[in-house]
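The values are calculated or read from the model by the stated rules, or taken from the named source; none is laboratory data. Since the model is a prediction, treat every value here as computed from it, not as a measurement. Here the Cβ positions follow ideal geometry from the backbone for every residue, glycine too, while neighbour counts run over all protein chains shown. These accessible areas exclude ligands, DNA and RNA; they are computed on the full protein's heavy atoms, side chains included. Shrake-Rupley method; radii C 1.70, N 1.55, O 1.52, S 1.80 Å.
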Amino acid sequence: KWGATLLQENGVKLDEPNFDALRASLLQQLSALADLEKPENIFDCILLDEAQDYSPAEINVISRFTPRLFAVGDSKQRILAEQDGALDEFQDQGVTVSALSAHYRNGMYVCRVADGIQNQIDHSDGLEATSNYDEENFPSTVSVSAGLNIEQQVAQAVELIKDQLDAYPDELIGVLCPRKNELGLISEQIMNSSISDLVQVQKDDDYAAIQQDRRVIVASIHGAKGLEFRAAHLLGMNFVKNFRQFQKKMSYTAVTRCKTSLSVYHDGPLPGYFEKGVQACSAPPAEPSLDDLFG
């Protein structure tokens with residue numbers, strides 16, 4: 001939107017049929033605009049979020065419109081298959097890179113699920129080890145519901161959300177899923193539920209500004225990037241396996257959208273790495289006796 005607005009201010013209109021075509025046209029037109037070196041198009045500073053999902057070419061073009069570019073990114077959350085190398089591009093440009101050593105968003109149990117996905121349970125670099133979340137005053141929880149079809153998953157989520165809307169006033173609640181196929185079904189059912197007046201659907205190709213009075217956000221995992229929720233419901237998570245080489249990063253991204261209360265729903269089996277994260281939230285089993293081992 002920033003790029004399109006800047007181009008419109010310079011008399012360039014974009015009319016592309018889909019997001020991918022629009023993105024390619026934006027890059028081309030912004031590059032041509034930067035070549036003109038008009039002072040009125042230079043910004044004092046540009047703040048760039050989710051930097052890992054830009055291409056090096058896009059980073060290069062954006063940097064031509066400002067002497068000060070401040071970007072935030074996490075390579076573990078790069079889930080756009082066609083983009084890679086943006087964070088390396090910053091280093092190639094000689095910018096100052098600072099690694100954040102702590103975070104405040106995710107509760108302990110949410111961290112353990114995320115660390116399980118990354119195979120970093122009880123690791124010094126894991127989310128749990130670097131978390132400054134206030135677990136004592138806001139205890140985190142993780143629940144898993146298996147063997148439910150999408151309609152049953154939505155129905156169960158809606159009942160929980162009713163209580164969460166009261167428990168977490170003025171906070172966002174997310175309902176996320178991996179695929180667009182399920183997003184359509186989920187959106188239709190939840191918009192016909194008793195909480196429809198509080199729901200906003202974010203479609204991947206039609207984003208809208210968050211409305212303060214609609215605190216339940218329904219979106220794909222891709223569509224929820226950059227958002228955070230006090231409670232998150234991850235529906236149809238068995239389908240995350242369809243994303244192959246990006247499934248772990250998608251799972252990690254989905255889980256880390258949640259601050260306090262994480263609910264996971266699936267019909268088919270979850271990927272093993274996701275199961276590992278869920279199991280990390282349970283107390284370790286007691287050590288067996290010799291009789292248990294050898295009868």
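Within 13 Å, Cβ to Cβ, of Phe43, how many net charges do the neighbouring residues add up to if Lys/Arg are +1 and Asp/Glu are -1?
Value of the local net charge: 0.
Between segment 1-65 and segment 160-203, what is the separation of their alpha carbon centroids in Å?
Between the Cα centre of segment 1-65 and that of segment 160-203, the gap is 33 Å.
How large, in percent, is the carbon and sulfur part of the accessible surface of segment 1-108 at a probe radius of 1.4 Å?
About 51 percent, which is the carbon plus sulfur part of the accessible surface.
Express in nm, to one decimal, how much length is gained between Asp20 and Gln212 on full extension, taking 0.36 nm for each residue of separation and deducting their alpha carbon distance.
66.2 nm
Find how much the distance from Phe138 to Gln152 grows on full extension, using 0.36 nm per residue of separation minus their present alpha carbon separation; answer in nm with one decimal.
Difference between extended and current length: 2.2 nm.
So if each residue of separation counts as 0.36 nm, and I subtract the Cα-Cα distance between Leu290 and Ile42, what length gain in nm does that give?
81.9 nm
Amide H neighbours of Ala71 under 5 Å, counting only residues 5+ apart in sequence or on other chains, H built in-plane at 1.01 Å?
Under 5 Å from the amide H of Ala71 lie the amide H atoms of Leu48, each far enough along the sequence or on another chain.
Using a 10 angstrom cutoff on alpha carbons, build the Gaussian network for the chain and name the most mobile of Pro271, Pro17, Pro139.
Pro17
When the dipole is taken about the Cα centre of segment 54-209, and only Lys, Arg (+1) and Asp, Glu (-1) are charged at their Cβ, what size is it in debye, to the nearest 20?
300 debye
Can you compute 3J(HN,Hα) from phi for each residue in segment 233-250, using the Karplus curve 6.51 cos²θ - 1.76 cosθ + 1.60 with θ = phi - 60°, rounded to whole Hz and x for Gly and Pro?
With coefficients 6.51, -1.76 and 1.60, one gets 10, 9, 9, x, 6, 5, 7, 5, 5, 5, 8, 6, 5, 9, 5, 5, 5, 5 Hz.
Any chance you could give the angle, 0 to 90 degrees and rounded to 10, that helix 180-191 forms with the longest Cα principal axis of the chain?
The angle comes out at about 70 degrees.
Can you tell which of Ile161, Ile46, Ile150 shows the greatest fluctuation in a Gaussian network model of the chain with Cα springs below 10 Å?
Answer for the Gaussian network model of the chain: Ile46.
Cα-Cα over 19 Å: which of Lys162/Lys225; Lys248/Lys276; Lys249/Lys276?
Check vs 19 Å cut-off fails for Lys162/Lys225.
In the Gaussian network model of the chain, springs joining C-alpha atoms below 10 Å, which of Ser75, Ser101, Ser31 carries the largest mean-square fluctuation?
Ser101
Per residue, what volume in Å³ does the convex hull of the Cα atoms of segment 50-157 enclose?
178 Å³
Any idea what the dipole of the chain comes to, in debye rounded to 20, about its Cα centre with Lys/Arg Cβ at +1 and Asp/Glu Cβ at -1?
Its charge dipole is roughly 340 debye.
Where the eigenvalues come from the Cα gyration tensor of segment 1-100, what are the semi-axes √(5λ) of the equivalent ellipsoid, largest first, in whole Å?
Output for segment 1-100: semi-axes of 23, 18, 10 Å.
Using just the C-alpha positions of segment 101-230 as equal point scatterers, what log10 of I(q)/I(0) does the Debye formula give at each q in 0.12, 0.21, 0.22 1/Å?
-0.53, -1.33, -1.38
Can you work out the base-10 log of I(q)/I(0) for the chain at q = 0.11, 0.15 1/Å, using the Debye formula on its C-alpha atoms alone?
Values, matching the q order: -0.75, -1.23.
Residues with amide H under 5 Å of Gly126's amide H, sequence separation 5 or more or different chain, H placed in the peptide plane at 1.01 Å from N; which?
Result for Gly126 returns nothing.
Using Cα-Cα distances under 8 Å and only pairs 6 or more residues apart, what relative contact order does the chain have, in percent?
This gives 20 percent for the chain.
What nm distance separates the two modelled labels at Leu165 and Asp35, each placed 7 Å from Cα along Cα→Cβ?
5.4 nm
Where both partners of a DSSP beta bridge lie in the chain, what percent of those bridges are antiparallel, to the nearest 5?
Percentage antiparallel, nearest 5: 5.
Once the Cα atoms of helix 150-167 and of the chain are each reduced to a long axis, what angle between those two axes, in degrees from 0 to 90 to the nearest 10, is obtained?
Roughly 80 degrees between the two axes.
Please list, short to long, the whole-number percent of alpha-carbon pairs of segment 242-295 in consecutive 5 angstrom bins beginning at zero.
Histogramming segment 242-295 at 5 Å steps yields 4, 13, 20, 21, 13, 9, 7, 8, 5, 0 percent.
Write out the GluC sites (Glu not before Pro) in segment 174-267 meeting two conditions: DSSP loop, and at most 16 other Cβ atoms within 10 Å of their Cβ.
When the GluC sites (Glu not before Pro) of segment 174-267 are filtered for loop state and at most 16 Cβ neighbours within 10 Å, Glu228 remain.
Can you give the accessible area per residue of the chain, in Å², using a 1.4 Å probe?
54 Å²
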